[in-house]
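Student: One structure coming up, written as structure tokens, with questions to follow.
The values are calculated or read from the model by the stated rules, or taken from the named source; none is laboratory data. For clarity, every value in this text was computed on a predicted model and none was experimentally measured. Don't worry about glycine lacking a Cβ; one is built from the backbone with ideal geometry, like all the others, and counts go over all protein chains shown. What goes into the accessible areas is simple: the full protein's heavy atoms, side chains included, and nothing from ligands, DNA or RNA. Shrake-Rupley method; radii C 1.70, N 1.55, O 1.52, S 1.80 Å.
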Amino acid sequence: MKIADRIPIKVWSIFAMIFVLGIAITVELFTIFRDLQENEIVDEFIDAAETHQILFQNRIERYLDGLDGLSRFYGSTEAFNRDTFRRYISSYLAVNPEIQALEWIPRVSREARLRYETLARTDGLADFVIRERDPDAGMVPAAQRAEYFPVYFVEPMEGNEAAVGFDLASNKIRLAALEKARDTGKIVATARITLVQETGQQYGFLVFMPVYEQGIDPGTIEARRSNLTGFMLGVFRIGDILETSLAPIKDRYTNVNVTVLDNSAPLDKQLLHFLKSADADPETLDSSPMSQSGDYQERFEHIVSFSIADRQWSVRLGTTELMSTLYQQYYGWALLSTGFIFTTLIAFYYLSSRYNIIRTEHLVEERTTELARAKEAAEEANEIKSQFLANMSHELRTPLNAIIGYSEMLDEDFQESGELQHSEDVKKINRSGKHLLSLINDILDISKIEAGKMELYVESFTIKSLIDEVITTIKPLAEQNRNSVKFSIADKSVTIQNDRTKLRQILYNLLSNACKFTIDGKINLSANIKKNDDGEDYFFIEVTDSGIGMTKEQLKRIFKPFIQADSSTTRKYGGTGLGLVLIKQITDLLGGKISLISELGKGTTFTVSVPANISSEDIQEKDTNSTM
């Protein structure tokens, strides 16, 4: 019967359970990570929408402040005429060239109409006449009515000639806003309109600032109507304002469509402007700023509303694709690959261990009288296990090193391009890869020790140099949880002869465990030379922390592989449970002992003692005893 056939069904079941459970956990983590990505992208999109709205709203409010200042200027200037208006407005328009026009709209009675027309012609407007728009004849002299609100002063004149003399009261949209501003004493904006001077494809809107006699709001509707002098008027093209306000972020959001809506208007007249994304397909998306036609569906959409001059507007941001696809290209798949590798390693490590145990039992059962041959067979089995792990380590290290290398290259690229968010995420991949590589090395070290293949390299060194090296390495880990690390050495000049690498590995693992399970606490390390009962010098190491501590039940299984104090510890603090196993086996290999004292909630103290001086004869004797 083949040995493989003697593997119990229970072993195969556990192997399958480890594999299936590991894959399931990996897929679940991948799904969670993907959902987090999606949420992060949605949050980014919402921030983008709010950024667009704030920039746009701030720009318009800046214009409204300017209009308010103009009305105050009128109230404080006795000689308010075309020349003073031009000089005041010119400096303001120089820093806000996107404004279509700023105008003075006087209140003109029927009796004063001729006088105003004559004064305007005297000012240089030879053809000035108060006008209105006729659907058939175009611009014609305004019909007789009780009062007019003509465009009297306008700056800049260039490009706005067609608006000069136009009676705003002749248009019902303009008249509605005008009367509302008059009766409330507040700035009021019109619904969307097509400007008299419009030559492109943009909607415009007007903003009325009422001006009363002596520049003071009378306070009541009747008094406002009788004391109204006129209006300061802002004329704006929505597209010009939108593009100017979004200029600082133009290159940052190239795949979003921006729509400005007037929620105070009827549904069919709410669209104020549509700004197509730079990446939009011209065949599927109408590029007209006065239209939203086109057969397209936006994957993300977010609307932010705000108030402007007594109207409710909103900015809607939409996109047909993800704002960031880098996560899907790298991070999720890196997580999935790492999970598959780790699951495969654990599952086959378990199967390999069980296989070798069954193989050894089979050989012992067949050759109970041939102890030497049984031991030889057992060593062969361990050799197979070590070879298997060595081969597996090569196969796992190759892709892991590739992941680590490419992540470092990506990090450099992102650092150079200024994409710091992506750089931080690539660093996480790099740290995870290095952590997994460290885990594989720990498993191999344990396997070597178990197989008797671990070699010792003896050298002379001072205790202080060893402690300084470890403290330097462990300091960043301590700072992560805001821990303080102190150490004391009885005699800094003492030199010992031992395996420096193995002792450093013991110290690092003890201190890293203390840093991991201690938050805002203290970690103390002491090292000295003491004599044992036989008078031999021993190197004593004691690491004390003020961390979470352990119960008596937890202490019983602390040196078992892949086991921490309990499952909640693994979930909260991470780790695999291999560190203390490796410390225990290295200590045994060096001929020493390890012990610990712990109290739940108060901390833990580990004590390690190993011979201070190991000779070549000791190593040979240890190797000889291990092969007998």
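Student: Roughly speaking, to the nearest percent, how much of the range 460-571's 1.4 Å accessible area is carbon and sulfur?
Tutor: Details: 2930 of 5930 Å².
So the carbon and sulfur contribution to the accessible surface is 49 percent.
Student: Please say if the range 455-497 is rounded, prolate or oblate, where rounded means a/c under 1.5 for a ≥ b ≥ c the square roots of the C-alpha gyration tensor eigenvalues, and otherwise the choice is prolate for a/b larger than b/c and oblate otherwise? Spell out each step's value before the answer.
Tutor: Values: a/c = 4.07, a/b = 1.76, b/c = 2.32.
Judged from the Cα gyration tensor, the range 455-497 comes out oblate (a/c at least 1.5, b/c at or above a/b).
Student: Could you sort the peptides 345-353, 490-498 by per-residue average Cβ neighbour count (10 Å cutoff), highest mean leading?
Tutor: On the way: 345-353: 18.1, 490-498: 14.8.
Highest-to-lowest ranking by the protection proxy: 345-353, 490-498.
Student: Work out, step by step, the length gained on full extension between residue 65 and residue 529: first 0.36 nm times the residue separation, then minus their alpha carbon distance; give nm to one decimal.
Tutor: Details: separation 464, 0.36 × 464 = 167.04 nm, distance 7.99 nm.
Net length gain for the segment: 159.0 nm.
Student: Additional query: So how do 68, 310 rank on accessible area, 1.4 Å probe, biggest first, that is with the largest at the start? Show your work: numbers first, answer last.
Tutor: Details: 68 45, 310 90 Å².
Sorted by accessible area, descending: 310, 68.
Student: Would you work out if the range 62-206 is rounded, prolate or oblate? Take a ≥ b ≥ c from the square roots of the eigenvalues of the alpha-carbon gyration tensor; rounded if a/c is under 1.5, else prolate when a/b is larger than b/c, oblate otherwise. All intermediate terms of the calculation are to be shown ahead of the outcome.
Tutor: Values: a/c = 1.28, a/b = 1.13, b/c = 1.13.
Rounded is the answer for the range 62-206, as its axis ratio a/c remains below 1.5.
Student: So, one more: Take the Cβ-Cβ distance between residue 201 and residue 420 as r, set R0 to 41 Å, and report the resulting FRET efficiency rounded to the nearest 0.05. Show your work: numbers first, answer last.
Tutor: Values: r = 40 Å, r/R0 = 0.97.
E between residue 201 and residue 420, to the nearest 0.05, is 0.55.
Student: Let me ask another. Efficiency by 1/(1 + (r/R0)^6): what FRET value for residue 46 and residue 243, r their Cβ-Cβ distance, R0 = 22 Å, to the nearest 0.05? Spell out each step's value before the answer.
Tutor: Numbers: r = 22 Å, r/R0 = 1.02.
E between residue 46 and residue 243, to the nearest 0.05, is 0.45.
Student: Can you order the peptides 545-557, 149-161, 114-126 by their average number of other Cβ atoms within 10 Å per residue, highest first?
Tutor: On the way: 545-557: 16.8, 149-161: 19.3, 114-126: 13.7.
Result, highest mean first: 149-161, 545-557, 114-126.
Student: For a paramagnetic label modelled at 7 Å from the Cα of residue 127 toward its Cβ, which residues of the range 155-193 fall within the zone defined by backbone nitrogen distances under 15 Å?
Tutor: Flagged as within label range: 158-166.
Student: What's the ranking of 468-477, 530-539 by average number of surrounding C-beta atoms within 10 Å, highest first?
Tutor: Numbers: 468-477: 15.0, 530-539: 11.5.
Sorting 468-477, 530-539 by mean packing, highest first, produces 468-477, 530-539.
Student: Which of the pairs 464/530; 475/552; 492/530; 475/556 have their Cα atoms more than 21 Å apart in this structure?
Tutor: Numbers: 464/530 16 Å; 475/552 30 Å; 492/530 14 Å; 475/556 30 Å.
Over 21 Å Cα-Cα: 475/552; 475/556.
Student: Residues of the range 85-191: accessible area per residue at 1.4 Å, in Å²? Intermediate results must be reported in sequence, preceding the final value.
Tutor: Details: 5170 Å² over 107 residues.
Here the per-residue accessible area is 48 Å².
Student: Taking a point 7 angstrom from the Cα of residue 306 along the C-beta vector, which residues in the range 239-272 have backbone N less than 12 Å away?
Tutor: 242, 245-246
Student: Here's a follow-up. Once the piece of chain linking residue 361 and residue 468 is laid out straight, how much longer is it, given 0.36 nm per residue of separation minus the C-alpha distance between them?
Tutor: Values: separation 107, 0.36 × 107 = 38.52 nm, distance 4.76 nm.
Extra length available between residue 361 and residue 468 comes to 33.8 nm.
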